[in-house]
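Below is one structure, written out as C-alpha coordinates; the observations come after it.
The values are calculated or read from the model by the stated rules, or taken from the named source; none is laboratory data. Just so we're clear, the structure is a prediction, and the values are computed from it rather than from any experiment. Positions of Cβ are backbone-derived with ideal geometry, glycine not excepted, and every protein chain shown enters the neighbour counts. Note: accessible area is taken over every heavy atom of the protein model, side chains too, but ligands, DNA and RNA are not part of it. Shrake-Rupley method; radii C 1.70, N 1.55, O 1.52, S 1.80 Å.
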Amino acid sequence: MNGPEIHVEVAPELALFVPHHRRAGATALATDGVSTLGHVVESLGVPLTEVGALVVDGREVPVSHVPAAGESVTVRPVERPQRVPGAPLRFLLDVHLGTLARRLRLLGVDTAYESTDIGDPALATRSAAERRVMLSRDRGLLRRRELWAGAYIYSTQPDEQLSDVLDRFAPELRPWTRCTACNGLLRPATKEEVADRLEHGTQRSYDVFAQCGDCGRAYWKGAHHEQLEAIVREALRTRTQAG
(Lines give C-alpha, C1' and ligand atoms only; values in the text may rest on other atoms or scores of the structure.)
Protein backbone atom coordinates (compact mmCIF):
# COMPACT_ATOMS: atom_id res chain seq x y z
CA MET A 1 0.00 0.00 0.00
CA ASN A 2 1.36 3.43 -0.96
CA GLY A 3 -1.58 5.63 0.02
CA PRO A 4 -2.24 7.75 3.12
CA GLU A 5 -0.13 6.88 6.15
CA ILE A 6 -1.89 6.44 9.47
CA HIS A 7 -0.73 5.42 12.93
CA VAL A 8 -2.31 2.40 14.56
CA GLU A 9 -2.14 1.29 18.18
CA VAL A 10 -3.56 -2.12 19.07
CA ALA A 11 -4.69 -2.81 22.64
CA PRO A 12 -2.48 -5.24 24.59
CA GLU A 13 -5.36 -7.75 24.76
CA LEU A 14 -5.24 -8.02 20.96
CA ALA A 15 -1.45 -8.05 20.58
CA LEU A 16 -1.28 -11.77 19.81
CA PHE A 17 -3.04 -11.15 16.48
CA VAL A 18 -0.53 -8.67 15.07
CA PRO A 19 3.16 -8.90 14.09
CA HIS A 20 5.67 -8.33 16.89
CA HIS A 21 6.73 -4.91 15.64
CA ARG A 22 3.16 -3.62 16.07
CA ARG A 23 2.70 -4.80 19.67
CA ALA A 24 4.24 -1.85 21.49
CA GLY A 25 2.52 1.49 20.99
CA ALA A 26 1.46 3.22 17.80
CA THR A 27 3.14 2.24 14.54
CA ALA A 28 2.94 3.73 11.05
CA LEU A 29 0.86 1.99 8.43
CA ALA A 30 0.41 2.89 4.77
CA THR A 31 -3.15 2.41 3.47
CA ASP A 32 -4.57 2.37 -0.05
CA GLY A 33 -6.88 5.34 0.54
CA VAL A 34 -10.08 3.43 -0.28
CA SER A 35 -10.26 0.46 2.12
CA THR A 36 -12.40 0.79 5.24
CA LEU A 37 -10.83 0.84 8.67
CA GLY A 38 -12.44 -2.51 9.38
CA HIS A 39 -10.64 -3.99 6.39
CA VAL A 40 -7.37 -2.38 7.46
CA VAL A 41 -7.64 -3.82 10.97
CA GLU A 42 -8.41 -7.28 9.60
CA SER A 43 -5.42 -7.02 7.27
CA LEU A 44 -3.26 -6.63 10.37
CA GLY A 45 -4.61 -9.97 11.63
CA VAL A 46 -7.23 -8.84 14.14
CA PRO A 47 -10.70 -10.45 13.70
CA LEU A 48 -13.42 -7.82 13.99
CA THR A 49 -15.22 -10.12 16.43
CA GLU A 50 -12.51 -9.11 18.93
CA VAL A 51 -12.75 -5.36 18.36
CA GLY A 52 -14.88 -3.38 20.76
CA ALA A 53 -14.26 0.12 19.45
CA LEU A 54 -12.22 1.88 16.79
CA VAL A 55 -11.10 5.31 17.95
CA VAL A 56 -9.72 7.85 15.45
CA ASP A 57 -8.15 11.00 16.86
CA GLY A 58 -10.14 10.58 20.06
CA ARG A 59 -13.55 9.85 18.56
CA GLU A 60 -15.18 6.48 17.99
CA VAL A 61 -15.85 5.62 14.34
CA PRO A 62 -17.63 2.73 12.58
CA VAL A 63 -15.74 -0.03 10.78
CA SER A 64 -16.88 1.61 7.51
CA HIS A 65 -14.71 4.67 8.18
CA VAL A 66 -12.07 5.23 5.48
CA PRO A 67 -8.89 6.45 7.20
CA ALA A 68 -7.24 9.65 5.99
CA ALA A 69 -3.58 10.61 6.07
CA GLY A 70 -2.21 11.39 9.51
CA GLU A 71 -5.04 9.88 11.52
CA SER A 72 -4.23 8.08 14.76
CA VAL A 73 -6.21 4.89 15.27
CA THR A 74 -6.66 2.97 18.52
CA VAL A 75 -8.05 -0.57 18.30
CA ARG A 76 -9.76 -1.51 21.55
CA PRO A 77 -10.92 -4.97 22.69
CA VAL A 78 -14.56 -5.88 23.30
CA GLU A 79 -16.02 -4.70 26.59
CA ARG A 80 -16.90 -7.37 29.11
CA PRO A 81 -19.48 -8.62 29.67
CA GLN A 82 -20.21 -8.45 25.96
CA ARG A 83 -23.86 -8.06 25.05
CA VAL A 84 -25.13 -9.75 21.87
CA PRO A 85 -28.37 -8.02 20.86
CA GLY A 86 -31.28 -9.48 18.96
CA ALA A 87 -31.46 -13.10 20.15
CA PRO A 88 -31.25 -15.23 23.27
CA LEU A 89 -27.59 -15.85 24.05
CA ARG A 90 -26.58 -19.22 22.62
CA PHE A 91 -23.46 -20.64 21.07
CA LEU A 92 -22.14 -22.72 18.18
CA LEU A 93 -18.76 -24.41 18.52
CA ASP A 94 -16.58 -25.92 15.81
CA VAL A 95 -15.15 -29.45 15.73
CA HIS A 96 -12.08 -28.55 17.82
CA LEU A 97 -14.00 -27.40 20.91
CA GLY A 98 -15.83 -30.54 22.01
CA THR A 99 -14.73 -30.40 25.65
CA LEU A 100 -15.77 -26.76 25.94
CA ALA A 101 -19.14 -27.61 24.39
CA ARG A 102 -19.79 -30.36 26.94
CA ARG A 103 -18.83 -28.09 29.82
CA LEU A 104 -21.09 -25.27 28.66
CA ARG A 105 -23.96 -27.74 28.35
CA LEU A 106 -23.17 -29.06 31.83
CA LEU A 107 -23.78 -25.51 33.06
CA GLY A 108 -27.09 -25.32 31.21
CA VAL A 109 -25.89 -23.00 28.43
CA ASP A 110 -27.53 -23.56 25.02
CA THR A 111 -24.56 -24.86 23.02
CA ALA A 112 -24.65 -26.40 19.55
CA TYR A 113 -21.56 -28.32 18.46
CA GLU A 114 -20.43 -29.91 15.22
CA SER A 115 -18.53 -33.14 15.95
CA THR A 116 -17.41 -33.37 12.34
CA ASP A 117 -15.75 -30.75 10.17
CA ILE A 118 -18.61 -29.41 8.05
CA GLY A 119 -16.55 -26.50 6.72
CA ASP A 120 -16.50 -22.78 7.42
CA PRO A 121 -19.33 -21.80 5.04
CA ALA A 122 -21.75 -24.27 6.65
CA LEU A 123 -20.78 -23.18 10.16
CA ALA A 124 -21.24 -19.52 9.31
CA THR A 125 -24.60 -20.25 7.69
CA ARG A 126 -25.79 -22.14 10.77
CA SER A 127 -24.60 -19.31 13.04
CA ALA A 128 -26.72 -16.88 11.03
CA ALA A 129 -29.75 -19.15 10.65
CA GLU A 130 -29.94 -20.00 14.38
CA ARG A 131 -28.53 -16.68 15.63
CA ARG A 132 -25.75 -18.34 17.58
CA VAL A 133 -22.43 -16.86 18.62
CA MET A 134 -19.69 -18.76 16.76
CA LEU A 135 -16.84 -19.79 19.08
CA SER A 136 -13.64 -20.84 17.34
CA ARG A 137 -9.86 -20.58 17.22
CA ASP A 138 -10.08 -20.32 13.42
CA ARG A 139 -9.49 -16.67 12.51
CA GLY A 140 -10.57 -17.25 8.93
CA LEU A 141 -13.95 -18.56 10.07
CA LEU A 142 -14.44 -15.55 12.34
CA ARG A 143 -13.86 -13.21 9.39
CA ARG A 144 -16.83 -14.58 7.44
CA ARG A 145 -19.37 -11.82 6.94
CA GLU A 146 -22.43 -14.06 7.24
CA LEU A 147 -21.75 -14.93 10.88
CA TRP A 148 -24.44 -13.81 13.31
CA ALA A 149 -21.73 -13.08 15.88
CA GLY A 150 -18.44 -14.65 16.85
CA ALA A 151 -15.65 -14.83 19.40
CA TYR A 152 -12.09 -16.10 19.33
CA ILE A 153 -11.15 -18.75 21.88
CA TYR A 154 -7.75 -17.64 23.14
CA SER A 155 -6.61 -20.68 25.10
CA THR A 156 -6.12 -24.34 24.20
CA GLN A 157 -6.92 -25.44 27.78
CA PRO A 158 -10.57 -26.33 28.51
CA ASP A 159 -10.54 -24.79 32.01
CA GLU A 160 -9.25 -21.48 30.65
CA GLN A 161 -11.58 -21.62 27.65
CA LEU A 162 -14.63 -22.03 29.86
CA SER A 163 -13.54 -19.28 32.24
CA ASP A 164 -12.98 -16.89 29.34
CA VAL A 165 -16.37 -17.55 27.71
CA LEU A 166 -18.20 -17.14 31.03
CA ASP A 167 -16.33 -13.91 31.76
CA ARG A 168 -16.84 -12.48 28.29
CA PHE A 169 -20.54 -13.25 27.79
CA ALA A 170 -21.87 -13.87 31.33
CA PRO A 171 -24.50 -16.40 30.16
CA GLU A 172 -27.22 -17.52 32.53
CA LEU A 173 -26.12 -20.70 34.29
CA ARG A 174 -28.61 -23.51 34.95
CA PRO A 175 -26.42 -26.52 35.81
CA TRP A 176 -27.61 -30.07 35.24
CA THR A 177 -30.45 -29.06 32.90
CA ARG A 178 -28.96 -29.97 29.49
CA CYS A 179 -27.74 -33.15 27.86
CA THR A 180 -23.97 -32.94 27.47
CA ALA A 181 -24.20 -35.23 24.44
CA CYS A 182 -26.83 -33.44 22.33
CA ASN A 183 -27.80 -30.17 24.11
CA GLY A 184 -31.37 -31.34 24.71
CA LEU A 185 -33.19 -30.49 27.94
CA LEU A 186 -33.18 -32.98 30.82
CA ARG A 187 -36.17 -34.11 32.82
CA PRO A 188 -36.44 -36.22 35.98
CA ALA A 189 -36.88 -39.92 35.24
CA THR A 190 -37.69 -43.02 37.23
CA LYS A 191 -35.42 -46.04 37.29
CA GLU A 192 -38.07 -47.95 35.38
CA GLU A 193 -38.15 -45.37 32.58
CA VAL A 194 -34.42 -45.66 31.94
CA ALA A 195 -33.92 -49.32 32.89
CA ASP A 196 -33.17 -50.38 29.31
CA ARG A 197 -30.25 -47.93 29.23
CA LEU A 198 -28.62 -49.05 32.48
CA GLU A 199 -26.22 -51.82 33.37
CA HIS A 200 -27.20 -54.04 36.27
CA GLY A 201 -24.63 -52.47 38.61
CA THR A 202 -26.05 -49.03 37.96
CA GLN A 203 -29.59 -50.25 38.57
CA ARG A 204 -28.58 -51.63 41.96
CA SER A 205 -26.52 -48.61 43.07
CA TYR A 206 -28.55 -45.55 42.02
CA ASP A 207 -32.12 -44.37 42.42
CA VAL A 208 -32.14 -40.78 41.11
CA PHE A 209 -32.05 -40.33 37.34
CA ALA A 210 -32.64 -37.79 34.62
CA GLN A 211 -33.23 -38.34 30.92
CA CYS A 212 -32.71 -36.21 27.83
CA GLY A 213 -35.98 -35.35 26.14
CA ASP A 214 -34.30 -35.36 22.73
CA CYS A 215 -31.87 -38.29 22.54
CA GLY A 216 -33.10 -40.33 25.50
CA ARG A 217 -29.71 -40.56 27.21
CA ALA A 218 -29.94 -41.35 30.94
CA TYR A 219 -28.01 -39.49 33.65
CA TRP A 220 -27.18 -40.31 37.27
CA LYS A 221 -24.55 -39.40 39.86
CA GLY A 222 -21.96 -41.89 38.70
CA ALA A 223 -18.20 -42.22 38.99
CA HIS A 224 -17.42 -38.90 37.27
CA HIS A 225 -19.97 -36.84 39.17
CA GLU A 226 -17.46 -35.40 41.63
CA GLN A 227 -15.31 -34.09 38.77
CA LEU A 228 -18.34 -32.54 37.06
CA GLU A 229 -19.54 -31.09 40.36
CA ALA A 230 -16.18 -29.34 40.76
CA ILE A 231 -16.57 -27.68 37.34
CA VAL A 232 -20.06 -26.48 38.23
CA ARG A 233 -19.00 -25.29 41.68
CA GLU A 234 -16.09 -23.26 40.28
CA ALA A 235 -18.29 -21.65 37.62
CA LEU A 236 -20.92 -20.64 40.16
CA ARG A 237 -18.28 -19.37 42.60
CA THR A 238 -16.69 -17.19 39.93
CA ARG A 239 -20.09 -15.85 38.89
CA THR A 240 -20.93 -14.94 42.48
CA GLN A 241 -17.65 -13.07 42.89
CA ALA A 242 -18.18 -11.21 39.61
CA GLY A 243 -21.67 -10.19 40.66
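The table below lists the values:
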{"item": "So Arg139, is it of a type in the set (D, E, K, R), open to solvent by 10 Å² or more (accessible area, probe 1.4 Å) and without any contact (Cβ under 8 Å) to a residue 60 or more places away in the chain", "result": "no"}
{"item": "Condition met for Gly45 (farther than 20 Å from Pro4 by Cβ, small (Gly, Ala, Ser) and at pLDDT below 95)", "result": "no"}
{"item": "Region 42-53 residues that are more than 18 Å from Leu135 (Cα to Cα), paired with ones that are modelled with pLDDT of 95 or more and open to solvent by less than 30 Å² (accessible area, probe 1.4 Å) (beta carbon under 6 Å, 6 or more apart)", "result": "Leu44/Val18"}
{"item": "Residue satisfying condition, being open to solvent by less than 30 Å² (accessible area, probe 1.4 Å), farther than 26 Å from Glu13 by Cβ and within 16 Å of the chain's Cα centre (by Cα), within set Ala101, Ala124, Ala112, Ala128", "result": "Ala112"}
{"item": "Every residue from region 54-69 that is over 30 Å from the mean Cα position of the chain (by Cα), open to solvent by 50 Å² or more (accessible area, probe 1.4 Å) and not charged (D, E, K, R)", "result": "Ala69"}
{"item": "Region 76-95 residues that are more than 24 Å from Arg178 (Cα to Cα), paired with ones that are open to solvent by less than 30 Å² (accessible area, probe 1.4 Å) and assigned to a loop (DSSP other than H, G, I, E, B) (beta carbon under 9 Å, 6 or more apart)", "result": "Arg76/Ala11; Pro77/Ala11"}
